[in-house]
Amino acid sequence: MRLFSTREPRKFRRVSIYTDESRDRLQKLVDEVKREQGEVPANEETYDPDKFRGTFINYTPRAQKHKENGSKLGWPIILVILFGLLILWRFLLTGIR
């Protein structure tokens, strides 16, 4: 009687569409064998994501200016403006007396 029984939910199966771990493992194995046989120098650099960290900002002038100058408005100025807008809003709602 299927009316009162609950069915098991499907198991989660993650399929990565951007990376292929088996291909990466195979490529590492091939590179290791080539190094052992002497076809590729052992000191060849491998991909290191930390090597490229922060290089994008060096090639974009707008990002460089923002990093150097920072924000033009400081927090105190923003808070004063917000406080002034709140006072203006209060007077507009209640009417000036």
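Given the criteria of a type outside the set (S, T, N, Q) and either at pLDDT 80 or above or surrounded by 10 or more Cβ atoms within 10 Å (Cβ to Cβ) (or both), does R35 qualify?
So R35 passes the test.
Mind checking which residues of the stretch 74-90 are at pLDDT 90 or above and not β-branched (V, I, T)? Let's see the steps before the verdict.
First, pick out the residues of the stretch 74-90 that are at pLDDT 90 or above: 79-90.
Passing the criteria: L79, L82, F83, G84, L85, L86, L88, W89, R90.
Given the conditions (1) modelled with pLDDT of 85 or more; (2) in a loop (DSSP other than H, G, I, E, B), which single one is not true for A42?
The single condition A42 does not satisfy is (1).
The values are calculated or read from the model by the stated rules, or taken from the named source; none is laboratory data. Quantities reported herein were computed from a predicted structural model and do not represent experimental measurements. Because the Cβ atoms are built from the backbone with ideal geometry, glycine has one as well, and the counts that use them run over all protein chains shown.
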